[in-house]
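Notes to accompany the following structure.
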Amino acid sequence: MAEEVQKFKVSIDGISVDVDAGTTILNAARQIGGDIVPPAMCYYSKLEGSGGKCRTCLVKVTKGSEKDPRPMPKLVASCRTTVMDGMEVQNITSPDVIDARKSVVEMLLINHPLDCPVCDQAGECKLQDLGYEHGSENTRYDFPRRTFERIDIGDQIQLHMNRCILCYRCVYVANQLTNTREHGILYRGDHAEISTFIENALENDFIGNVIDVCPVGALTDKTFRFKNRVWFTKPVNAHRDCPSCSGKVTLWYKGADVLRVTARKDEYDEVEDFICNTCRFDKKETADWILEDPAKVSQESVIASNHYTQFQPPAVIPENMPLKEANWEQLARTEKLK
């Protein structure tokens with residue numbers, strides 16, 4: 001007979017939910033859904049050990065539990081704090097939480113450059129959303145900002161350390177999805193940065209997932225760099241029989257061209273299944289994939305402005321090598337006559 005799972009009742013912004021023992025406040029809020037879900041820039045449910053870095057998910061615990069109803073003296077990180085039976089939590093209903101979140105966003109933006117007009121992450125950036133909701137019009141920071149040169153850390157990945165908020169997600173991806181890890185956090189405090197040891201390249205098969213998990217534009221896809229804005233593209237779910245990964249991806253189309261390939265993400269912008277580098281970088285033809293349906297896009301996202309619901313897959317035209325060679329021969333003869 002299966003052992004009965006213990007359930008705890010927790011109230012978040014006045015809404016009650018029953019969750020399993022050991023569930024964090026953040027995941028309990030996600031079970032409720034809606035606006036009461038705290039933002040999370042560093043926590044990633046599929047990466048063990050993530051969370052507790054960015055502090056954007058701070059909440060106020062006004063009642064610890066039924067056995068100990070005393071409130072917690074300070075705001076706590078909801079991604080790291082587990083619920084207790086009878087716990088009461090305030091998120092968007094607490095002025096203290098809103099003020100703290102505004103301060104955290106100001107801290108994250110201290111060294112972050114105004115690259116949104118040229119950044120490939122624009123339109124998908126959670127820091128943009130936080131800046132819009134909680135950011136200030138002007139900065140109070142009068143000191144020189146730290147700056148770094150862009151680094152190519154592989155054939156397909158470029159690092160913009162100026163944009164990094166040190167969420168550690170990419171480090172956890174390398175630790176948990178690849179055989180070796182060539183990059184990590186160097187130095188401490190204000191000098192801390194993501195980098196590789198003596199500028200080694202990231203060459204593991206699943207290392208391209210660092211692009212998907214990065215919440216800002218610090219790690220970008222060089223094959224998609226400056227090619228288009230995401231709100232001008234159309235995301236389509238597709239799959240293929242891949243020996244290395246699940247093969248379930250999202251293709252980003254501009255007309256009939258596949259501009260980039262990403263892993264599928266859920267409503268909290270977390271990857272559902274990590275994909276290999278072959279699917280991400282090498283398979284950018286419609287003929288390589290079995291198309292399914294348009295990817296679901298939140299109506300609050302700028303991508304939805306150019307989204308479509310009727311599925312009109314581009315035609316798959318097989319490559320005709322004899323015709324191509326004949327065309328090249330005809331072009332060569334034409335060039336001789338000029």
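Could you go through region 3-18 and let me know if any residue there is within 30 Å of L177 (Cβ to Cβ), surrounded by fewer than 16 Cβ atoms within 10 Å (Cβ to Cβ) and β-branched (V, I, T). Within region 3-18, one or more residues are within 30 Å of L177 (Cβ to Cβ), surrounded by fewer than 16 Cβ atoms within 10 Å (Cβ to Cβ) and β-branched (V, I, T).
Of all residues in region 146-162, those that are within 11 Å of H112 (Cα to Cα) have Cβ atoms under 7 Å from Cβ atoms of residues that are of a type in the set (S, T, N, Q) and open to solvent by 90 Å² or more (accessible area, probe 1.4 Å), 6 or more apart or on another chain, in N162/T147. Checked against (1) open to solvent by 20 Å² or more (accessible area, probe 1.4 Å); (2) in contact with a helix residue (DSSP H, G or I) (Cβ under 7 Å, 6 or more places away or on another chain), V216 passes all but condition (1).
Residue by residue, here is whether (1) surrounded by 15 or more Cβ atoms within 10 Å (Cβ to Cβ); (2) assigned to a loop (DSSP other than H, G, I, E, B) holds:
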{"residue": "L26", "(1), (2)": "yes, no"}
{"residue": "D35", "(1), (2)": "no, no"}
{"residue": "R55", "(1), (2)": "yes, yes"}
{"residue": "E66", "(1), (2)": "no, yes"}
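Residues in region 173-189 that are buried (at least 17 other Cβ atoms within 10 Å of the Cβ) and over 13 Å from F274 (Cα atoms): R181, E182, H183. Of the residues making up region 68-84, just one is in contact (Cβ under 8 Å) with a residue 60 or more places away in the chain and open to solvent by 70 Å² or more (accessible area, probe 1.4 Å), namely M84.
Among the residues of region 236-267, those that are touching a helix residue (DSSP H, G or I) at 6+ places or on another chain (Cβ under 8 Å), open to solvent by less than 60 Å² (accessible area, probe 1.4 Å) and over 21 Å from I157 (Cα atoms) comprise R240, C242. Confirm whether P294 is open to solvent by less than 50 Å² (accessible area, probe 1.4 Å), more than 27 Å from G33 (Cα to Cα) and modelled with pLDDT under 90. So P294 fails the test. Look at (1) open to solvent by less than 50 Å² (accessible area, probe 1.4 Å); (2) in contact with a Phe, Trp or Tyr (Cβ under 9 Å, 6 or more places away or on another chain) and you find that F281 fails only one, number (2).
Counting only strands (runs of 3 or more DSSP E) that sit completely within region 216-286, those holding 2 or more residues that are of a type in the set (D, E, K, R) and farther than 27 Å from S195 by Cα correspond to 248-254. Checked against (1) under 29 Å from M72 (Cα atoms); (2) of a type outside the set (D, E, K, R); (3) open to solvent by less than 10 Å² (accessible area, probe 1.4 Å); (4) part of a loop (DSSP other than H, G, I, E, B), V89 passes all but a single condition, namely (4).
The values are calculated or read from the model by the stated rules, or taken from the named source; none is laboratory data. Nothing here was measured: the structure is a model prediction, and the numbers come from that model. Because the Cβ atoms are built from the backbone with ideal geometry, glycine has one as well, and the counts that use them run over all protein chains shown. The area values use the complete protein model at the heavy-atom level, side chains included, leaving out ligands, DNA and RNA. Shrake-Rupley method; radii C 1.70, N 1.55, O 1.52, S 1.80 Å.
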